[in-house]
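**Q** Sharing a structure with you now.
The values are calculated or read from the model by the stated rules, or taken from the named source; none is laboratory data. This structure is a prediction, so every number in the text was calculated from the model and none was measured. Neighbour counts are summed over all protein chains in view; Cβ atoms, including those assigned to glycine, are modelled from backbone coordinates with ideal geometry. Please note that ligands, DNA and RNA were not included when accessible areas were found on the heavy atoms of the full protein model with its side chains. Shrake-Rupley method; radii C 1.70, N 1.55, O 1.52, S 1.80 Å.
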Amino acid sequence: MRILLLCLLVGSSTVLQANEAPAEIDGAMTVNVYQAKRLHELGAVFIDVRDGQQWAWGHVEGAVHLNLAHDFLGLASTSWPRNMPLVVYCDSEVCPASAEAVRMAVEWGYEHVFYFRQGYFAWMLHDFPQEKDNFGQITTLNAQAH
């Protein structure tokens, strides 16, 4: 019985490590929660790549929801200014979606991409500005505003 429990514990930690997001992405700057907060204060565009249900439960105040599986490819459009600062996040260090989104943004030529690897959970734990989805209101990203 002890061997079975040990195997389960070792196996579950291996699964978590396999899904852990990389610490850095070439061409982007990894930022911690305090640096992300400062970028928020300076008006950087925060992009949440989580699914709709997670977004609805709560997200960084003013963030744009671009689910990696459905909406994120819209940023590939040449109509978006490549010099606007983007802060991309997911839940936490064990969510690789933000790393993939950051890689894509860098590939598309965005010049100021910030990888907020700690993600929304860290933001929430520090009680930084948050909001929940207002289903009657749709958030849009205006390329001309940045």
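**Q** In segment 46-101, carbon and sulfur make up what percent of the accessible area (probe 1.4 Å)?
**A** Carbon and sulfur: 55 percent of the exposed surface of segment 46-101.
**Q** Identify the chymotrypsin sites (Phe, Trp or Tyr not before Pro) of segment 23-119 meeting these criteria: DSSP loop state and at most 15 other C-beta atoms within 10 Å of the C-beta.
**A** Qualifying residues, ordered by number: TRP108.
**Q** If I stretch the segment between LEU125 and ASP26 completely, what's the gain in nm (0.36 nm per residue apart, minus their alpha carbon distance), one decimal?
**A** In short, 32.9 nm is gained.
**Q** Here's something else I'd like to know. What is the spin-label model distance, in nm, from SER79 to TRP108 if the labels are put 7 Å beyond Cα along the C-beta direction?
**A** For SER79 paired with TRP108, the spin-label model returns 1.3 nm.
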